[in-house]
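Each reported figure results from applying straightforward, stated rules to the coordinates on display, with no laboratory input. All of these numbers come straight from a predicted model, not from anything done at the bench. Neighbour counts run over all protein chains shown; Cβ positions are idealised from the backbone, glycine included.
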Amino acid sequence: METITNNSTLNIQNIRQDFPILSKNVNGKPLVYLDSGATAQKPKQVIDAISNYYQTQNANIHRGVHQLSQEITIAYEHARATVQNHLNAALSQEIIFTSGTTESINLVANSFGKIYIKSGDEIIISEMEHHSNILPWQMLCEEKGAVLKVIPINEKGELLIDEYKKLLCNKTKIVAVTHVSNTLGTINPVKEIIALAHEINIPVLIDGAQAVPHIKVDVQDLDADFYCFSGHKLFGPTGVGILYGKEKWLNEMPPYKVGGGTIKTVTFKKTEYAALPLKFEAGTPHIEGGIGLAAAIDYVNEIGLENISAYECELLDYATLKLMAIEGLRIIGTAKEKASVISFIIEEIHPLDVGTILDKQGIAIRTGHHCTQPLMKHYGIPGTIRVSLVFYNTKEEIDVLVNGIQKAIKMLK
Amino acid sequence: MSIAEIENEIVEEFELFGDDWEGKYEHLIDLGKHMPLIDEQYKTDDRLIRGCQSKVWLHSELKDEKIVFTADSDAIITKGIIALLIRVISGQTAEEIMHTQFVFINKIGLIEHLSVSRSNGLVSMVKQMKLDALAYKQMKSYKL
């Protein structure tokens, strides 16, 4: 058998021990989990933090005078500071806890849209956006009579920056693009995209859902106005996410949901809203979500995002070459800058069929349009098979995948 | 043959494969390749079943008081699943089709439980077949 060399400094077998689910059998076969782009698995450090919260820390935050409430308030605010440091945000109040990327984008579309978007204005997104970064803007445009403009892509799945430059004009009010494409893996030049918009004082929102698990994000270096991500793709719990927003924007924007916790004073005539970040955090938050997310960020930082990026790059190259060698397989998305996400189709075989046969072999991948129907339309395909790799995956697993695909082709042709 | 008899026949057929999932799937794929194909003229958007990752076209017509189904799909495993459904209910009366529980599905251990099989469109297909049966039944009762 061919020996697989691993140039990484990471001890992957030790890392895998941290993820209890990875030792599970599925359909009688060892699980090969290649769907972390949909949701990542959780290390025991995160699971323990959540369990510990319920066993020893549970109380409501920002409300009680009692000891437990004060302790968990401190822990929750510490979690916010962990996110702040991780993104290198200037201020902790620029970090808003949400339920996920989807809610973060909806928050901005609703709140920013309410005061800044009017009839005839333009909003720029791109052709490779997830539906979550299309629909809130589309709905806003319909409500306000504004116009959605779309940055096109080339055949490799890269944004056409020259076309973007042409779209930017005095009618543009906000630009919203993804950092990393969930379907193609393309890493977009968001720093350049932001700089170009800033030349004419237009704010930019970055959908970072697929970026934060793979690359170091520095919102000040990017100069992003808004940056959104989800906890569950970053090895944290589901139901928690982050909206980073520059303080000046968040201060001007009205609350998006209102209720307990968002106010300074309430009378039936007039309510004065609380300062940031509580203004945007109505109701009792997903407390264990915040605690779990902080544990996930600590975990990722312990391994080191630079080590993670280097190892994932190695995995991506290995998988790309192995997959390309399969007859009839075509990779969709061949951008120069890519995160460890590979979409592909196989001649004359429906992605769903391949997914079903892989599942029987314990291999978890995703099939379908990946919530990017306009992108599928661009390529003229109904969907793809998507493999998303993270640092707990191995080259041996990629070999299992390749054998699994070959078996599927044999059965389905 | 009655619906129950056909279902039993299918269960016995798949039991032959025991735990051999590859054998079961190969058989299913083979059934898909030989199923009663929908006439090309009926492969229209209004006959597409929603809720499937793959495209599924279903057509039904009344022949001697019995409902006859034909279908097609762009995914071969999906096609095999429809072939099984068609084998069970095509040529039965509207009344019988409406009351079919498709008990064979859980017994052959091949396709996940009905209620969770959204992605392969099984639920949508069963629903559409029953809706067609209901429509024919109502048509008939109006005539009476």
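Okay, here's what the table says:
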quantity: Inter-chain Cβ neighbour average for residues A:349-360, partner chain, 10 Å; calculated: 6
quantity: 0 to 90° range, to nearest 10: angle between helix A:395-412 axis and chain A longest Cα axis; calculated: 70 degrees
quantity: Radius of gyration and maximum dimension Dmax of segment A:64-189, Cα, Å; calculated: 18.1, 60
quantity: 0 to 90° range, to nearest 10: angle between helix B:3-15 axis and chain B longest Cα axis; calculated: 20 degrees
quantity: Cα radius of gyration and Dmax for segment A:349-413 (Å); calculated: 12.7, 34
quantity: Unit charges on C-beta of K, R, D, E only; dipole of the protein assembly as shown, Debye; calculated: 1460 debye
quantity: log₁₀ of I(q)/I(0) at q = 0.13, 0.15 Å⁻¹ - segment A:17-127, Debye sum with one point per alpha carbon; calculated: -0.83, -0.98
quantity: Members of A:K44/A:K114; A:K118/A:K338; B:K43/B:K130; A:K216/A:K410; A:K118/A:K336; A:K24/A:K395 lying beyond 30 Å, as alpha-carbon distances in this model show; calculated: A:K44/A:K114; A:K118/A:K338; A:K216/A:K410; A:K118/A:K336
quantity: Calculated SAXS-style log₁₀ I(q)/I(0) at q = 0.09, 0.15, 0.17 Å⁻¹ - segment B:3-143, Debye, Cα scatterers; calculated: -0.26, -0.72, -0.93
quantity: Rel. contact order, % - alpha carbon contacts under 8 angstrom, at least six apart, segment B:3-143; calculated: 27 percent
quantity: Mean Cβ count within 10 Å, highest first, over the residues of peptides A:41-54, B:57-70; calculated: A:41-54, B:57-70
quantity: Dipole axis of segment B:1-61 (+1 Lys, Arg; -1 Asp, Glu on Cβ), positive-most option in B:M1, B:V56, B:G18; calculated: B:V56
quantity: Segments A:214-224, A:300-310 sorted - mean Cβ within 10 Å per residue, highest first; calculated: A:214-224, A:300-310
quantity: Directionally averaged shadow of chain A, computed from the convex hull of its alpha-carbon atoms, nm²; calculated: 21.6 nm²
quantity: The protein assembly as shown: antiparallel DSSP beta bridges as a percent of all, rounded to 5; calculated: 65 percent
quantity: Inter-probe distance in nm under a simple model that places probes 7 Å from Cα toward Cβ, at A:A325 and A:H198; calculated: 4.5 nm
quantity: Chain A: relative contact order as a whole-number percent, Cα under 8 Å and 6+ apart; calculated: 22 percent
quantity: For peptides B:98-106, B:14-22, A:334-342, sequence by mean Cβ density within 10 Å, most packed first; calculated: A:334-342, B:98-106, B:14-22
quantity: Test item: B:75-86 mean partner chain Cβ contacts at 10 Å; calculated: 3
